[in-house]
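Peer 1: The following block contains the structure, expressed as structure tokens.
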Amino acid sequence: MQKIVIALAATLIASSALADEQVIKLKPGPGMDKVEANCGACHSLAYIPMNSPFLNAAGWDAAVNKMVNLLKAPIEPNDAKAIKEYLAKNYGG
């Protein structure tokens, strides 16, 4: 019985934490679909507007390169190019 109570409590805590997560709507534009599909597969899209005051085109280029080369994100080269262009144009600080 105690295990059931603990499991129920954990479920309630987890579901309330998920309910608080903010839905991020990116600026519309070419490449947005690539960002949502590739970037959103690994982390919250909240990082994009959160980092936009600090990153220019070169910064976004470096960030995407880091995801692909260092962290081994499975992003095709053409998609990476579209992502960089989208981020630079729409969130380029």
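A short reminder: the numbers here are calculations on the coordinates, not readings from a lab. From a predicted model like this one, the values you see are computed outputs, not experimental measurements. Note: ideal-geometry Cβ built from the backbone for every residue, glycine included; neighbour counts use all protein chains shown.
Peer 1: Name, by its number, the condition in (1) in contact with a Leu (Cβ under 9 Å, 6 or more places away or on another chain); (2) without any contact (Cβ under 8 Å) to a residue 12 or more places away in the chain that does not hold for ASN78.
Peer 2: (1)
Peer 1: Of all the residues that make up the stretch 39-93, how many are assigned to a loop (DSSP other than H, G, I, E, B) and of a type in the set (D, E, K, R)?
Peer 2: Selection size over the stretch 39-93: 2.
Peer 1: List pairs: first in the stretch 49-67 and closer than 21 Å to ALA37 by Cβ, second surrounded by 17 or more Cβ atoms within 10 Å (Cβ to Cβ) and aromatic (Phe, Trp, Tyr), Cβ under 8 Å, 6+ apart or cross-chain?
Peer 2: Hits for this filter: PRO49/TYR91; ASN51/TYR91; SER52/TYR91; LEU55/TYR91; TRP60/TYR91.
Peer 1: If you take the residues in the stretch 27-38 that are free of Cβ contacts under 8 Å to residues at least 60 places away in the same chain and outside any helix (DSSP H, G or I), which one is farthest from LYS81 (Cα to Cα)?
Peer 2: Among residues in the stretch 27-38 that are free of Cβ contacts under 8 Å to residues at least 60 places away in the same chain and outside any helix (DSSP H, G or I), the one farthest from LYS81 (Cα to Cα) is PRO28.
Each row is one residue, and each column tells you yes or no for (1) surrounded by 13 or more Cβ atoms within 10 Å (Cβ to Cβ); (2) among the acidic types (Asp, Glu); (3) within 13 Å of the chain's Cα centre (by Cα); (4) farther than 16 Å from ILE24 by Cβ.
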residue: ALA41; (1), (2), (3), (4): no, no, yes, no
residue: SER52; (1), (2), (3), (4): yes, no, yes, no
residue: PRO74; (1), (2), (3), (4): no, no, no, yes
residue: ASP79; (1), (2), (3), (4): yes, yes, no, yes
